[in-house]
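Asker: Structure incoming, see below.
The values are calculated or read from the model by the stated rules, or taken from the named source; none is laboratory data. Keep in mind that what you see is a predicted model, and the values were worked out from it rather than measured. Note that each Cβ is placed from the backbone with ideal geometry, even for glycine, and that neighbours are counted across all protein chains shown. What goes into the accessible areas is simple: the full protein's heavy atoms, side chains included, and nothing from ligands, DNA or RNA. Shrake-Rupley method; radii C 1.70, N 1.55, O 1.52, S 1.80 Å.
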Amino acid sequence: MATSSDTVQAIHRLFSKHRTGGWLWTGVGAAFATRILVTSATEGFSNAGGTVVGTAVLGGIPAGIGIGKLSRFNEGTEDQVVAMYQKTKLLPSNIKRRLKRKYFAG
């Protein structure tokens, strides 16, 4: 059984991991989008529609996933969850569902 401080540390680890993932997804999406646009511009491809679709699919989707993670697991939300847990000993269902054993110490 986890103590209150273990649960707070697990919440911090959960949010930190998801923020890191958010930055990675955003970075990968931005890198793909940049690569596609630069290649299209330097190679002189005339298919603008294909460039737009490629950029949106290979760059936009990963970047969108990353931005979504960054917005859902921001530090303000983390502070609210921790404060609510310390006050009521209750967690929102979406956080409770995501807290796995690996986030707890030892």
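Asker: If you put +1 on each Lys and Arg Cβ and -1 on each Asp and Glu Cβ, how big is the dipole of the stretch 1-77 around its Cα centre, in Debye rounded to 20?
Answerer: 140
Asker: Still on this structure, I have one more. Kindly give the semi-axes, whole Å and largest first, of the ellipsoid equivalent to the stretch 38-102, taking each as the square root of 5 times a Cα gyration tensor eigenvalue.
Answerer: Semi-axis lengths for the stretch 38-102 are 43, 11, 8 Å.
Asker: Can you return the aspartates and glutamates within cross-link range of LYS96? Criterion is Cα-Cα under 17 Å, with same-chain partners fewer than 8 residues away left out.
Answerer: The reachable aspartates and glutamates, counting only those whose Cα sits under 17 Å from LYS96, are ASP6, GLU78, ASP79.
Asker: Tell me the carbon and sulfur percent of the accessible area for the chain, rounded to whole percent, probe radius 1.4 Å.
Answerer: 63
Asker: What angle do you read, to the nearest 10 degrees and between 0 and 90, between the alpha-carbon axis of helix 4-43 and the longest principal axis of the chain?
Answerer: 0
Asker: Within 10 Å of each candidate Cβ there may be at most 15 other Cβ atoms; applying that plus a DSSP loop requirement, which trypsin sites (Lys or Arg not before Pro) in the stretch 7-102 survive?
Answerer: Passing both the DSSP loop test and the Cβ count: LYS89, LYS100.
Asker: Considering only C-alpha atoms, what is the centroid distance from the stretch 82-102 to the stretch 1-40, in Å?
Answerer: After rounding, the separation between the Cα centres reads 19 Å.
Asker: Rolling a 1.4 Å sphere over the protein heavy atoms, what is the accessible area per residue of the stretch 1-79, to the nearest Å²?
Answerer: So the stretch 1-79 comes to 60 Å² accessible per residue, rounded to a whole number.
Asker: May I ask you to list the residues of the stretch 59-78 whose amide nitrogen lies under 12 Å from a point 7 Å from Cα along the Cα→beta-carbon direction of LEU37?
Answerer: Inside the label zone: 59-60.
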